[in-house]
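Structure first, commentary second.
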Amino acid sequence: MNELDKLRNGEPFDGWAPEVVAQRDLVAQVLQRVSTAPLDQRADLYREILGGLGDGSVIQVPFVCEFGVTITIGRSCFLNSGVTVLDGDRVTIGDHVLVGPNCQIYTAGHPLDYRRRRDWEVTTSPVTIEDDVWLGGNVIVQPGVTVGARSVVAAGSVVTRDIPPDSLALGSPARVIRTLTSEPPLQ
């Protein structure tokens, strides 16, 4: 198993292995092409680098990610402009998810000890955004977090721990302020 396979599998990997560097380069090249492509051509370009992109999903430019292959986006999602995904681990976005402008999703962190940071030590944890979630503008989602289905995270919030399904959360750090009542599903 090479280092890129390890990355895809959520295992520790060497970020400077030739195949990982080549993936970063490919992502940079495709994102450059996406930035000038018409909207109706962007999905095909994103599919060249992402682990999965569901039908009907739209990712506005600019969009930033590092590896792409660890990101799976479901059907009928909308990621507004300025979304950044630091994807050193898996990022799973469900169906019908709305991500506001300038949101950031992080899977990576660094130690507090400066000596270990000098060696660029990184830890990663996957992020999951379940179906029908709405992340307002400028939301930050930290490593290891799951945002439960049908939840809403208010603009400017920093999500440091899991948000249960059907919740309205806000603040820094985000906290659940109430449960959302379900309406009958759309047909």
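A few points about this structure:
- Checked against the criterion of being in a strand (DSSP E or B) and under 22 Å from residue 18 (Cα atoms), the stretch 128-151 contains not a single residue that satisfies it.
- Qualifying residue in the stretch 156-172 (condition: touching a residue at least 24 places away in the same chain (Cβ under 8 Å), of a type in the set (A, V, I, L, M) and not in a loop (DSSP other than H, G, I, E, B)): no
- Listed by position, the strands (runs of 3 or more DSSP E) contained in the stretch 38-87 that have at least 3 residues being within 12 Å of the chain's Cα centre (by Cα) and touching a residue at least 24 places away in the same chain (Cβ under 8 Å) are 63-65.
- The set of residues in the stretch 87-131 being of a type in the set (Asp, Glu) and either over 16 Å from residue 146 (Cα atoms) or in contact with a Ser or Thr (Cβ under 9 Å, 6 or more places away or on another chain) (or both) consists of 87, 89, 95, 113, 119, 121, 130.
- Criterion: hydrophobic (A, V, I, L, M, F, W, C), within 15 Å of residue 160 (Cβ to Cβ) and surrounded by 15 or more Cβ atoms within 10 Å (Cβ to Cβ) - qualifying residue of 122, 139: 139
- Every listed requirement among (1) among the hydrophobic types (A, V, I, L, M, F, W, C); (2) farther than 22 Å from residue 151 by Cβ; (3) crowded, with 18+ Cβ neighbours inside 10 Å is met by residue 83 save one, (2).
FYI, it's all coordinate maths here, none of it is from the lab. Being a predicted model, the structure only gives us computed values, none of them experimental. With ideal geometry, Cβ positions are generated from the backbone for all residues, glycine too; neighbour counts draw on all protein chains shown.
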